[in-house]
Amino acid sequence: MKILIIEDETELAKSIAEYLAEENYLCEFASTFKDAMNKIEMFQYDCIILDIMLPDGNGLTILEELKKHNKQEGVIIVSAKNALDDKISGLQLGADDYLTKPFHLSELMARIYSIIRRKQFGNSNIVKQNELEIDLLAKTVTINNERIALTKKEFDLLIYFIGNKNKVISKSTLAEHLSGDFADMLDNHDFVYAHVKNLKKKLYDAGCDHCLKTVYGTGYKWIS
Amino acid sequence: MSKKKIFSNNKNLKPLLNKTTKPFLIYVLTILIISIPVYFIVIDTIWKGELDEHNKTIVEKTAYEFNHLKLSDADLRKSIALWKLIQPETNIEEIPFDNLKKDVYFTIQKQKPFAAEPEIERYRAMKKVVYLNSKPYLFTIETNIEESEETIAAITATTIFFFIMIVLGLLFLNRRLSLTVWKPFRNTLENLKSFNLNTQQTIEFEKTDIKEFEELHQSLNKLIEHNISAFKTQKEFTENASHELQTPLAILKNKVDLLLQNEDLTEKQYQIAEKMNLALARSFRINKNLLLLTKIDNSQFDNSEVIDFENLVKQSLRLLEEHFLQKDILVKKTISQTITLNGNSSLAEVLINNLLINAIRNTPPNGLISVKLTDSTFEVSNSGVEKLDSDLLFKRFSRLSKENNGSGLGLAIIKEICNFQNWTIDYKFENNNHIFFVKF
């Protein structure tokens, strides 16, 4: 999978690349508007991570250019601004997702995973891992051909873990994912534990007992 | 200073013109009183001088006329006797030799000889030696002069009359002046009262041809410009500082994510990294809230949207439901009215969320939160132990509870949003309940 990271902050770009590298993602960088335009013209990517605040131009122009040339890359906008305007115009111009800086790398990876799946598998978007089968469109989960009922939050968590295979995800990261803006305003992240515990139990009961592991006491890891 | 304080002081305040009038009048009165004896002395002296001259002329003229007649000594004596009868106020006496070195002037008081009623009159008298037929005669002449009391009375009456004229004139002029001369000052005052630092607009003062007011305007303009620029700098600083912090914090956050993936990580190190995650999340929230406050301050929000307040409340309650459950908090909802308001939906959402989260954080487990929405108020109350300091409550970074690790800006943001929307937020403590209520 080829990913283009358009980001002027090299440390951020490097971190993203390092996190993604282990999972078969090949990252290329563009730190300026000009550089980005050149790369987009010459190469094909599976997903583009686009910082819209570039020193020599607006990232939204890049997005317009992509759409003009009918390019099929999935685009995730990342922006330090959480201005609603940017979000709307970005999505209207055809971005697939929008992330406000700062974000957890696991959050970005889960979104990249979803976008690439959507772009590549279209109508039959089914993830398989041993006895586990997840239909991303119908939002159903079967283990050994048996349907298991998950709540919305549990399904959300499962996809998050699948998108972050073999990564350690901490409780606070999951809290931010589940509660968004609320998470850091709440003193207590025990609700995460409750959701993960339920998910784990459902998976375990259906015979999938080796996938979701608890690590370091309060962290989680999906083993594939 | 609050408006209330300014108004309560008003009772003891007097207009500037009254202040200057009173000492001025006292001064005028003093001068006029002093002027009465001075006038008297001046008038009396002039009068006496004139009368002395007059007496002297008569004496000299009379002596000249007698000498001119070239009378014999006997005829002269007869004539003098006759003269004395006709002119009782004069007296001509033969004296053996001239014992007067020079003329003598003096004032005497005596009864009027011919008046029906006895009346003391004042006379100016003169004694002079004249030579008639080469013999010395002592000539005494008296002329009636106005009594001192009468003069003083006349001067006093005139003075009082002028004092009254001055007072009336001054009051009249003051009224006229306060309407015309002070008009630009009043306008300036009105302008200043309407000045609002938040709007960042300088005041256009009316042109005036009065030097002091023009100077005042210039100084005020300078002051206002300085204030605005200081306020702007302060806001820009907050905004820039928050923006600039975003990137290093974002890098930190991602580096912690990477650190967690390290295979050699021990559980102890993991826990440290997780604590860093929490602290970072808090830094971000502070940053984000500061930016939000700046944005509200700068009025960068559209204020013309229609807010479906009821729906926003329901949505927030739904999103927070699991957090109520987590702490076993009972939520009592009273939503009696469907209301639509004008304002900004995103801000209204922030307001509702902040109030509800504030309630969740500060409610003990198994506590009660009640949410009430009517067509004029939105009220969130939660169980508590003691009243909070309502002066500090809505101030930025004034944390009131000890174990609080929020951004310290939640309630300040609520206050700013209310200001922006022209709503009011208030706090009260009743029946062991903290009650926050927003009035639309």
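General remarks:
- Residue within the stretch B:362-373 that is at positive phi and not aliphatic (A, V, I, L, M) present: yes
- Residue in the stretch B:166-187 that is under 22 Å from the mean Cα position of the chain (by Cα), not acidic (Asp, Glu) and not in a helix (DSSP H, G or I) present: yes
- Residues of the stretch B:249-267 that are facing another protein chain (nearest Cβ under 9 Å) and in a helix (DSSP H, G or I): B:Leu249, B:Ala250, B:Ile251, B:Leu252, B:Lys253, B:Asn254, B:Lys255, B:Val256, B:Asp257, B:Leu258, B:Leu260, B:Glu267.
- Segments classed as helices (runs of 4 or more DSSP H), wholly inside the stretch B:302-386, with at least 2 members that are surrounded by fewer than 16 Cβ atoms within 10 Å (Cβ to Cβ): B:309-319, B:321-326
- Screening the candidates A:Phe182, A:Phe155 for the property of being within 11 Å of chain B (Cβ to nearest Cβ) and free of Cβ contacts under 8 Å to residues at least 24 places away in the same chain yields one hit, A:Phe182.
- Selected residue (criterion: farthest from B:Glu142 (Cα to Cα)) from residues of the stretch B:71-106 that are outside any helix (DSSP H, G or I) and of a type in the set (Asp, Glu): B:Asp98
- Residues that are within 29 Å of B:Phe231 (Cα to Cα), modelled with pLDDT of 85 or more and either not assigned by TED's automatic domain parsing to the domain that holds B:Lys235 or not small (Gly, Ala, Ser) (or both) do not occur anywhere in the stretch B:314-336.
- Enumeration of residues in the stretch B:241-285 that are among the polar types (S, T, N, Q) and crowded, with 16+ Cβ neighbours inside 10 Å: B:Ser242, B:Gln246, B:Thr247, B:Asn254, B:Gln261, B:Asn277, B:Ser283
- When the stretch A:39-98 is limited to residues that are among the polar types (S, T, N, Q), at pLDDT below 85 and in a loop (DSSP other than H, G, I, E, B), the one that is surrounded by the fewest Cβ atoms within 10 Å (Cβ to Cβ) turns out to be A:Asn70.
- If only residues of the stretch A:195-216 that are part of a helix (DSSP H, G or I) and surrounded by 13 or more Cβ atoms within 10 Å (Cβ to Cβ) are counted, the one that is nearest to the other protein chains (Cβ to nearest Cβ) is A:His195.
- Options B:Ala241, B:Ala154, B:Ala230; residue that is hydrophobic (A, V, I, L, M, F, W, C), part of a helix (DSSP H, G or I) and within 30 Å of B:Glu274 (Cα to Cα): B:Ala241
- Residues being part of a strand (DSSP E or B), of a type in the set (A, V, I, L, M) and either touching a Ser or Thr at 6+ places or on another chain (Cβ under 8 Å) or farther than 27 Å from B:Leu259 by Cα (or both) - total across the stretch A:144-184: 2
- Of residues in the stretch A:10-38 being at pLDDT 90 or above and assigned to a loop (DSSP other than H, G, I, E, B), the one farthest from the other protein chains (Cβ to nearest Cβ): A:Thr32
- So A:Ala21, is it within 15 Å of A:Leu105 (Cα to Cα) and exposed (fewer than 15 other Cβ atoms within 10 Å of the Cβ): yes
- Of the residues A:Val141, A:Val127, the single one that is surrounded by 20 or more Cβ atoms within 10 Å (Cβ to Cβ) and outside any helix (DSSP H, G or I) is A:Val141.
- Single match in B:Glu147, B:Glu119, B:Glu142 (criterion: assigned by TED's automatic domain parsing to the domain that holds B:Ile46 and more than 30 Å from B:Lys61 (Cα to Cα)): B:Glu119
The values are calculated or read from the model by the stated rules, or taken from the named source; none is laboratory data. Note that this is a predicted model, so its numbers are computed, not measured. As a convention, Cβ positions derive from the backbone with ideal geometry for all residues, glycine included, and neighbour counts pool all protein chains shown.
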